[in-house]
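Taking it in order: structure first as structure tokens, then the write-up.
The values are calculated or read from the model by the stated rules, or taken from the named source; none is laboratory data. Keep in mind that what you see is a predicted model, and the values were worked out from it rather than measured. Using ideal geometry, Cβ is built from the backbone for each residue, glycine included, and neighbour counts are taken over all protein chains shown. Heads up: the accessible areas ignore ligands, DNA and RNA and are worked out on the full protein's heavy atoms, side chains in. Shrake-Rupley method; radii C 1.70, N 1.55, O 1.52, S 1.80 Å.
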Amino acid sequence: MAFLKDRAKFCRLETIRLIEIAKVGHYTSVFSAAELFSALYYDAMDLRRGEPKWEDRDRFMMGKGHAAVGLFPLLADLDFIDRDVLDGYTRLGNPLGDHPDMTKVPGIDFSSGSIGHALSAGCGMALAGRMLGKDFYTYVMIGDGELQEGQVWEAALFGAHNGLGKLIGIIDRNGYQLDGSVDDIIGVEPIVEKWQAFGWETHVVDGHDVAAVATLLRTLKADRERTRPVMIIAETVKGKGVSYMETEPGWHLGYLDPSDAARAIAEIEAMEI
Amino acid sequence: MNKPLSDKSWQYRQLNAVTPGLDALSDALIELVAAGEPIVAGTADLQYSNGLAKFHALHPDRFVQFGISEQNMVSAAAGMAAVGMKPYVATFASFLALLCCEQIRMDVAYSKLPVRLIGHHAGISLGFYGTSHHATEDLAIMRSIANLTVIAPADGNQLKEVIKAANDYPHPIYIRIQRGRDPEVYAQRQPFTIGKAISHYSGTDLMIIATGSTVHPALEATRALRAAGASVGFLDMATVKPIDRDAILDAAGQSPRILTVEEHNVLGGLGGAVAEVLASEGLPVKLTRHGIYDEYSLIAPPTHLYAHYELDAKGIEARATRLLEGRA
């Protein structure tokens, strides 16, 4: 598991490096999801290094598309995109922007940015996979604030009704959105009971315990006969790994000046592996 | 499991034996499945309205019932297309264009996924169902979405050929149709080329250009005017986007007057598209755009509405006559 922890750390550090180029970005949305990304990309998902279009690959898409800056370093690490493309993040004409774009970035299975569409698209992928006789899994990560979008619940109904057992959703439950805490804006609790009531198999996991996440994802994948979609509720901390971000929710969108960046890097470097 | 349909039910009356014209969409898709295409059809609780019930009955494994969740349907169709299927999803044009505009733009059109969006009961064809069900903005919305092709077939035969032509077309398509039991314009199927207008008559006094449901009444009006001695040409502009510039320029070269006819707001639809071509070429042609004049249409049975808005043959003829006489 040291490797998965290391890759989560790599994701955080690269996020700081890339946002320095753009001068603004979603640090904390990446930091809450870093272990989830690591467990997915380096353990759970069937992928082939350097072959982003491999037909039988597992699919992944993010409803919380603004965390793309944390995903791109992983795609470069898997030889899906070139290193120099990664280093040109957000520069004029570069394919990498604040949201993932399937038309421009190898390894992005579906574009996102408009909140609330991804679970529907994931339903379509999982259903089409079944119709085509394919065995791939479809993973969809969504934010807890994203649950405020009505379309998510249309997809919740649809996924359960159609028995999409190879669809695995992950809610990055970090408790915050742009304008404040999810509880204060429009509360979405009780999340677990809602998904259960909609007919989904639910699991709650510490989203920063990469071993627990990886184990859960492996266990879920082992049951290839499942007839219910799964929603994993990952308990996370917005800004995990940088102390002043964890305690200050106003960091949904931000920019670290050089001294703050140095502190953040030091804290992330010091995270236990 | 649904109970078998009673022969007294509305759904039963929509089926093949009673309303055969409604099956054009199903028949076209059934042909594609027979040809081995990875077709999937979906609808949002409207399989009897759009005639997909026949496809459903024949290919239950290729049919997806989305229920009343149009946005989910469009995004899911995009997901299906992203892994290799060719989805055709259908619902009322008003809900598809207005409710799902963002899903169409972001999930389908931007990514150039081969999703075929069927907006049926377009224009004011839902008559007394009222404003929510009238689609008089859909052409304007869809026309402004990049990568999206917009086609309005005039009848079932043309629809079948449009779907055939769409099969390997590299862009997403919005296909705007009516109730599926429209008067026949084309007695036989004839090959359809996306982006090419179909010329019925040349004319040196007036060119009428129509699309979709207005092709039939506008053709009748054209024939009446020609019988009365006027040199009136006619173009079926089934593809609204990309618009056939050459055909418009040719029409403008033939006649000093053009009348566009559409079951849509005159802003942003066929008339707007023709105006853009004429203006960009600086052509000295008198263009009159006929349709719904930037208002919410009244409640009434469709035939009453067509008469009220001069969108039936008689009304279009009257409109054209005023133009020919310099009164419009």
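Before moving on, here are some points about what is shown:
- Of the residues making up the range B:57-80, those that are touching a residue at least 24 places away in the same chain (Cβ under 8 Å), open to solvent by 10 Å² or more (accessible area, probe 1.4 Å) and under 22 Å from residue B:164 (Cα atoms) are B:58, B:59, B:62.
- Number of the condition not met by residue B:155 [criteria: (1) within 19 Å of residue B:117 (Cβ to Cβ); (2) charged (D, E, K, R); (3) in contact (Cβ under 8 Å) with a residue 40 or more places away in the chain]: (1)
- You will find that of B:54, B:112, the residue that is within 14 Å of chain A (Cβ to nearest Cβ) and open to solvent by 40 Å² or more (accessible area, probe 1.4 Å) is B:112 and no other.
- Within the range B:233-246, restricting attention to residues that are among the hydrophobic types (A, V, I, L, M, F, W, C) and part of a loop (DSSP other than H, G, I, E, B), the residue that is surrounded by the fewest Cβ atoms within 10 Å (Cβ to Cβ) is B:243.
- Output for the range A:127-138, where each listed residue is in contact (Cβ under 8 Å) with a residue 12 or more places away in the chain and either open to solvent by 10 Å² or more (accessible area, probe 1.4 Å) or facing chain B (nearest Cβ under 7 Å) (or both): A:127, A:129, A:130, A:134, A:135, A:136
- In a residue-by-residue description of the range B:306-317, the property of being assigned to a loop (DSSP other than H, G, I, E, B) and within 16 Å of the chain's Cα centre (by Cα) applies to at least one position.
- Scan of the range B:67-77 for residues that are under 25 Å from residue B:212 (Cβ atoms) and either part of a strand (DSSP E or B) or facing another protein chain (nearest Cβ under 7 Å) (or both), ordered by number: B:71, B:77
- Test: residue in the range B:171-187 that is open to solvent by less than 50 Å² (accessible area, probe 1.4 Å), farther than 30 Å from residue B:256 by Cβ and either aromatic (Phe, Trp, Tyr) or within 14 Å of chain A (Cβ to nearest Cβ) (or both): yes
- Entry remark, the range B:82-94: residues being open to solvent by 10 Å² or more (accessible area, probe 1.4 Å), within 13 Å of chain A (Cβ to nearest Cβ), of a type outside the set (D, E, K, R) and touching a residue at least 12 places away in the same chain (Cβ under 8 Å) number 2 in total.
- Of residues in the range A:150-188 being under 26 Å from residue A:217 (Cα atoms) and open to solvent by 60 Å² or more (accessible area, probe 1.4 Å), the one farthest from the chain's Cα centre (by Cα): A:161
- The condition of being touching an Asp or Glu at 6+ places or on another chain (Cβ under 6 Å) and either assigned to a strand (DSSP E or B) or surrounded by fewer than 17 Cβ atoms within 10 Å (Cβ to Cβ) (or both) holds for residue A:228.
- Residue ID - nearest to residue A:116 (Cα to Cα), chosen from residues in the range A:48-77 that are outside any loop (DSSP other than H, G, I, E, B) and touching a Gly at 6+ places or on another chain (Cβ under 7 Å): A:65
- Condition met for residue A:34 (under 26 Å from residue A:134 (Cβ atoms), in contact with a His (Cβ under 9 Å, 6 or more places away or on another chain) and not in a loop (DSSP other than H, G, I, E, B)): no
- The sole residue among B:317, B:262 that is closer than 21 Å to residue B:94 by Cβ, of a type in the set (Asp, Glu) and crowded, with 21+ Cβ neighbours inside 10 Å is B:262.
- Taking residues in the range B:277-288 that are farther than 11 Å from residue B:257 by Cβ, and partners anywhere that are crowded, with 16+ Cβ neighbours inside 10 Å and of a type in the set (Gly, Ala, Ser), the pairs with Cβ atoms closer than 7 Å and at least 6 places apart or on different chains are B:278/B:252; B:283/B:252.
- A single member of B:230, B:279, B:224 is open to solvent by less than 30 Å² (accessible area, probe 1.4 Å) and not assigned by TED's automatic domain parsing to the domain that holds residue B:154, and it is B:230.
- Answer residue from the range A:100-111, given it is at the interface with chain B (Cβ under 8 Å from one of its Cβ atoms) and under 18 Å from the mean Cα position of the chain (by Cα) and is surrounded by the most Cβ atoms within 10 Å (Cβ to Cβ) among those: A:110
This table checks each residue for (1) of a type in the set (S, T, N, Q); (2) in contact with a Phe, Trp or Tyr (Cβ under 9 Å, 6 or more places away or on another chain); (3) farther than 25 Å from residue B:84 by Cα; (4) outside the structural domain of residue B:166 (by TED's automatic domain parsing).
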| residue | (1), (2), (3), (4) |
| --- | --- |
| B:5 | no, yes, yes, yes |
| B:31 | no, no, no, no |
| B:36 | no, no, no, no |
| B:52 | no, yes, no, no |
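- Screening A:42, A:27 for residues that are over 22 Å from residue A:167 (Cβ atoms), among the hydroxyl-bearing types (Ser, Thr, Tyr) and surrounded by 15 or more Cβ atoms within 10 Å (Cβ to Cβ) leaves exactly one candidate, A:27.
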